[in-house]
Amino acid sequence: MDGQTHKPHRVSKKSKEKKTQHPGGQNPKAFAVSNPGKLARQAARSHDIKEKRLHVPLVDRVPDEPPPRLVTIVGPPGVGKTTLLKSLIRRYAKETISDPVGPITVVTSKKQRLTFVECPNELEAMVDIAKVADIVLLMIDGNYGFEMETMEFLNILAATGMPGNVFGILTHLDLFRKPQALKEAKKRLKHRLWSELYQGAHLFYLSGVLNGRYPDREIHNLSRFLSIMKNPRPLVWRNSHPYTIIDNYRDITHPTKIEEDDTCDRSIELSGYLRGTNFAAQGQRVHVAGLGDFTISSMEVLPDPCPTPAMEQALAKITGKTGRRRLDEKDKKLWAPMADRSGMKITGDHIVITREKGFAFDKDAEGVERGEGEQLIVDLQAERRLLGHTDKGVKLFASGEQIAEVPEEADSGRKTQRKARFLERNGSDDEEMPEDEGFVSGDEEEGSDVEAEFDEKKLGKMFRKQADKDEEDDVAFADSDSDLGSLSGEEDMDDDDVSDEDDGDEEFDSDEEGAAVRWKDNMMERAEMLHGKRRPYRAVDLARFMYDTTLTPREALQKWRGEQDEEVEEDIEQDDDTFFKRTGKDDREDLAEDRSIPRFDYEELAAKWSKEDAVEALRNRFATANLLDEEDGGEDDGDDDEDGFGGEDEDDEGDGAFEDLETGETHGPEEDEDKRDEEVPEVSLEAEREKNARRKEELKLRFEEEDREGFKNDKAVARREGGNQEFGEDDWYDAQKAMLQKQLDINKSEFGELDESQRTSVEGYRAGKYAKVVLEGVPAEFVNRFQARLPIVVGGLSATEDRFGFVQVRIKRHRWHKRILKTGDPLIFSLGWRRFQSLPIYSISDSRTRNRMLKYTPEHMHCFGTFYGPLIAPNTGFACFQSFSASNPGFRIAATGTVLSVDESTEIVKKLKLTGAPYKIFKNTAFIKDMFNSALEIAKFEGAAIKTVSGLRGQIKRALSKPDGHFRATFEDKILLSDIVFLRAWYPIKPHRFYNPAANLIGWQSMRLTGEIRRDESIATPQLKNSQYRKIERQTRHFNQLRVPKALAASLPFKSQIVKTKAQKKETYMQKRAVVVRGEERKARDLMQKLTTIRKEVVTKRKAKKDEKREEYKKKIAGIEERLENKERRENKAYWEREGRNKRKPGDMGGGGGKRRK
């Protein structure tokens, strides 16, 4: 061993890199600050990255057993949604579903499930699905591009809450002929999707369809991506509301009610996985999207129909067995109650079995694959036989043997029919046998005494105590379940013969007949003895007994202690009946485990509290304690009262006579006064000051002690932040999340101590459970018009959301919506869980002083909107639609926005102009008419500002006495009689209290516009005379000249003086002279005029000739272009015919074309 050599360790690459020196030049780490601009950018970028991850901490409400994730497949018709759903189900569950309808839940891993829902091409379904979807698979036709339905759904998601997982899927990629065109289409659609979602959004590609499904490799990639995704940040709305999507529906209305009235309100049962927060145990208000608001009549948690194998894995760890990493075939479960599974579909109370080729097939054929429904039809086609009877014999169990014949025996059983026999009761001569043969009767008073009716001989042989346990060690077996009596297995019971009891009973033919009747005796008493004994001091039973109104406090305390059960046991033991009696050791262990009151050593406690130090330490914990840590605190205790403020108090009510209950002495005010005069010495000024300072310090310490758990205490602040240490700026966010997680863990531990019934009553029905919800008073149209392909979302409502009022929102018309929105026109809102129609009023803030009504929504900007509807929390997003109809060719989302505030009242004003005309003018004063009708109206507007059209401002003074409605007003200048005076006023308006829920599941008609009603009813639009346009004729006004007084004109400066030229009285030289054309000049002018006329005529003729030639040329060019177009059309047709023939040649499997021939 000494000469053994070991292989040396290899040198790591990291150590080599560290040892190698820089080849030369500057060290970049040493000169990092040489470029301060780059350093600043790096610091800013790192800070931005750190800030991006900071969000408002939210409570993680995901339960330990989360509900399945909801995967929604959305897309326009014909894009391949159903094919993708079939492929995913085949991938996960290894099962083919011909008609996938409704939610389909599959198990994808050890702890994860997915629920797939195909969203139909209806806007109502898109709106509802967008509110609950966890994962969105957006189907896009790659050969066509984005369609209107896809863009509408993306905008609905952005308005109501964008989930963290939205993926695009391109289909129909096999229709591309050229690879380059496919590559360009993928790139274009990818960047278009990124512009709508975010940069780097995932986009999957699905090529052609094989055997009705997409290729397995592409589906495998998509399914793997769905399985490994993490939970995104929860949305605020879903994190604060309970909801569920229904995957099973049943009408439980009594058939007699339906027979009496087909349109009666129904009672329906909806089942699904609970999501979000917890449903209230009682009185939970919910809204069924498309149906209305309801109160849950009853709710029940059902067994999970599609559980995960996580429990089996936990059991394997406990037993030490190693579980497999992947799912077994038996664990790949599928839950699709509304879908067609293997030709069988369960709908309500009946089963639908379908087969494409019919049911006329050979039932005896072997090796034929049949679904569940087909196998049921095969079994029904067989001839009538007994249960389990086949040609080869009788086979009752699948693992049993087939019996062809029964061997004959001497005593094979009873040969005659049994007769009814009755037992004789001891001590009762003429008692009548009860009808229920020993069961609990309706009269509880007669059977209340347990000891009176208890008889050991009336029990079955399995209930009798063990007599010879030491002598016989044989294992007892029961002949039937009736002989067993109880399956609890808590006691060891023997199977002895009962021949001793049957000696005096001659009416029974055998022991079997006697046991068949005797086992029914005293069933109530035996059940109470077996299961009625409760372990005492259980915290679970304490709350139930305390709030039981039928029990007195003493009885509740006795039940909790188990004293009543012990009395019953003592009575039983008096009759030498020791069965069902537990050993004392087991009782002590149960009491030690379940006892909530701890056991103490009272002698030790008495010795502890007899010491003065312990009592003083306890006294410091009360409000009357002396909180000053001074050595002489005990000496001054006599000077202070219990309230810490001294001995004398004017309002003290304790000066009367009283009796000391401990010593029995009687004290009075006279004795106290005498003692006070004798004992109180004179107090110096310094001692008084010291006493006051001590009181102030006492008050300060007491206040800090009381505020120890308050918000202003530094320790409490540090405790809320997650610990006593102080956190820096970077650690504060983590501390907040740690504090929320700590509180969540505390809640879970506290609720975990309660039993299931108490936890449900306190906490409600938790998310992740599969529950059944019963709703009463549902319209019959819902049952008659039920469609499984439409999703049914049941959302819980809070107390505020059940109230109605005016909601103020910030709204903006969508940029892709063609029509502008008008105030007062009906609009469909998708707000919260509800979809309803209301009449909004649009407004805008005028300098933050008033909300002025707008007749139309502004372009490219937000405005305020007010409507009547349910009160929703602020910052909740919503979307608006004018119509859900698919016949609307344009973009159907009319507007989007968020809720600002909710209030019962609102203040919106509308501009109102009152006009009048002056009829008397006195310099700056004028009398105005035709503006008001009475003096009372004028009194309301005294002092209001008025204005003329020309811009002169004025004010209303007083109403005139004689002409009613006339008033006096003053202006800043003299007005004219032709001026129009107007008053700008604000008139308050309120929205209409109109709320029309969009109940599309029961048939719904939305409010129509006036124009739509006239068009549908063929009603002509009325033509009002004042609304018609007419020609405006305005007379020409002649204004007087400006007259400036001579005195004013003389005083004006030289620059502003008015210069006015006087008219000439005599004619000037130019006016007097006359031009006369004579001789040669006249002839020359005449010639020039003629030449000009001739030239104009020639130019006109030449222009007309050119226009004619231009028309002929245009016709010639048009003919040439038409011939060229026809030639090109023929060449294209011939080319494509030739290409089609080449493509149909056998053996030509290549895709994509070469260069085009010329």
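The values are calculated or read from the model by the stated rules, or taken from the named source; none is laboratory data. Values in this document were obtained by computation on a predicted structure and should not be read as measured data. Positions of Cβ are backbone-derived with ideal geometry, glycine not excepted, and every protein chain shown enters the neighbour counts. Accessible surface areas use protein heavy atoms only, side chains included; no ligands, DNA or RNA. Shrake-Rupley method; radii C 1.70, N 1.55, O 1.52, S 1.80 Å.
Scanning region 101-140 for residues that are open to solvent by less than 30 Å² (accessible area, probe 1.4 Å) and over 25 Å from the mean Cα position of the chain (by Cα) turns up just one, I140.
Just one of the listed residues (G722, G777, G752, G728) is at pLDDT 90 or above and either open to solvent by 80 Å² or more (accessible area, probe 1.4 Å) or small (G, A, S) (or both), namely G777. Between V79, V127, the distinction of being in contact (Cβ under 8 Å) with a residue 40 or more places away in the chain, within 30 Å of G1003 (Cβ to Cβ) and not in a loop (DSSP other than H, G, I, E, B) belongs to V127 only.
Taking the numbered list (1) modelled with pLDDT under 65; (2) out of contact with any helix residue (DSSP H, G or I) (no Cβ under 8 Å at 6 or more places or on another chain) in turn, A32 passes all entries but (2). Here P1022 qualifies as of a type outside the set (G, A, S) and part of a loop (DSSP other than H, G, I, E, B). Being assigned to a strand (DSSP E or B), surrounded by 15 or more Cβ atoms within 10 Å (Cβ to Cβ), more than 20 Å from the chain's Cα centre (by Cα) and at pLDDT below 90 is a property that S98 has.
All of S207, S227, S223 fail the test of being more than 28 Å from T898 (Cβ to Cβ), of a type in the set (G, A, S) and in contact with a Leu (Cβ under 6 Å, 6 or more places away or on another chain), apart from S207.
Determine, yes or no, whether Y144 is among the hydroxyl-bearing types (S, T, Y), closer than 24 Å to T82 by Cβ and open to solvent by 50 Å² or more (accessible area, probe 1.4 Å). So Y144 fits the description; yes.
Does region 61-68 include one or more residues that are open to solvent by 80 Å² or more (accessible area, probe 1.4 Å) and without any contact (Cβ under 8 Å) to a residue 24 or more places away in the chain? No - not one qualifying residue is present in region 61-68. Looking at the structure I just gave you, is Q741 open to solvent by less than 60 Å² (accessible area, probe 1.4 Å) and either modelled with pLDDT of 80 or more or closer than 16 Å to L58 by Cβ (or both)? Here the answer is no, as Q741 does not meet what is asked. Scoring A939 on the criteria (1) surrounded by 13 or more Cβ atoms within 10 Å (Cβ to Cβ); (2) touching a residue at least 24 places away in the same chain (Cβ under 8 Å) leaves a single failure, condition (2). Among the residues of region 77-87, is any within 26 Å of S195 (Cβ to Cβ), among the aliphatic types (A, V, I, L, M), at pLDDT 90 or above and buried (at least 22 other Cβ atoms within 10 Å of the Cβ)? Looking through region 77-87, at least one residue is within 26 Å of S195 (Cβ to Cβ), among the aliphatic types (A, V, I, L, M), at pLDDT 90 or above and buried (at least 22 other Cβ atoms within 10 Å of the Cβ). Collect the residues in region 864-891 that are open to solvent by less than 20 Å² (accessible area, probe 1.4 Å), outside any strand (DSSP E or B), out of contact with any helix residue (DSSP H, G or I) (no Cβ under 7 Å at 6 or more places or on another chain) and of a type in the set (A, V, I, L, M, F, W, C), keeping them in residue-number order. Listed by number, the list is empty, since nothing qualifies. Checking each residue in region 892-917 for being among the basic types (K, R) and not in a strand (DSSP E or B) picks out only R892. Among residues of region 58-96 being small (G, A, S) and in contact with a strand residue (DSSP E or B) (Cβ under 7 Å, 6 or more places away or on another chain), the one that is farthest from Y765 (Cα to Cα) is G80. Of all residues in region 277-306, those that are open to solvent by 20 Å² or more (accessible area, probe 1.4 Å), small (G, A, S) and touching a residue at least 60 places away in the same chain (Cβ under 8 Å) total 4.
Looking at region 1063-1071, can you tell me whether even one residue there is part of a loop (DSSP other than H, G, I, E, B), surrounded by 10 or more Cβ atoms within 10 Å (Cβ to Cβ) and either within 60 Å of the chain's Cα centre (by Cα) or free of Cβ contacts under 8 Å to residues at least 60 places away in the same chain (or both)? Within region 1063-1071 (the criterion being part of a loop (DSSP other than H, G, I, E, B), surrounded by 10 or more Cβ atoms within 10 Å (Cβ to Cβ) and either within 60 Å of the chain's Cα centre (by Cα) or free of Cβ contacts under 8 Å to residues at least 60 places away in the same chain (or both)), the answer is no, since none of the residues qualifies. A count restricted to region 780-815 and to residues that are open to solvent by less than 10 Å² (accessible area, probe 1.4 Å), within 30 Å of M853 (Cβ to Cβ) and among the β-branched types (V, I, T) stands at 3.
In the condition set (1) closer than 23 Å to T82 by Cα; (2) modelled with pLDDT under 90, H220 is compliant with all but (2).
Out of S901, S905, S885, I need the residue that is modelled with pLDDT under 90 and over 23 Å from Y987 (Cα atoms). Which one? S885 is the lone residue from the list that is modelled with pLDDT under 90 and over 23 Å from Y987 (Cα atoms). Of the strands (runs of 3 or more DSSP E) that lie entirely inside region 945-997, those containing 1 or more residues that are buried (at least 18 other Cβ atoms within 10 Å of the Cβ) and touching a Gly at 6+ places or on another chain (Cβ under 6 Å) span 945-948, 967-971, 981-989.
If L70 meets every condition in (1) assigned to a loop (DSSP other than H, G, I, E, B); (2) touching a helix residue (DSSP H, G or I) at 6+ places or on another chain (Cβ under 7 Å); (3) closer than 30 Å to D745 by Cβ apart from one, which number is that one? Every listed condition holds for L70 apart from (1). Taking region 735-790, which residues are farther than 24 Å from E300 by Cβ, not polar (S, T, N, Q) and not in a helix (DSSP H, G or I)? Result: R785, R789, L790.
Restricting the first member to region 1005-1027 and to residues that are within 19 Å of G824 (Cβ to Cβ), and the second to residues that are modelled with pLDDT of 85 or more and of a type in the set (A, V, I, L, M), the beta-carbon pairs closer than 9 Å and six or more apart or on different chains are S1006/I828; S1006/A998; M1007/L839; I1013/I1019; R1014/A1020.
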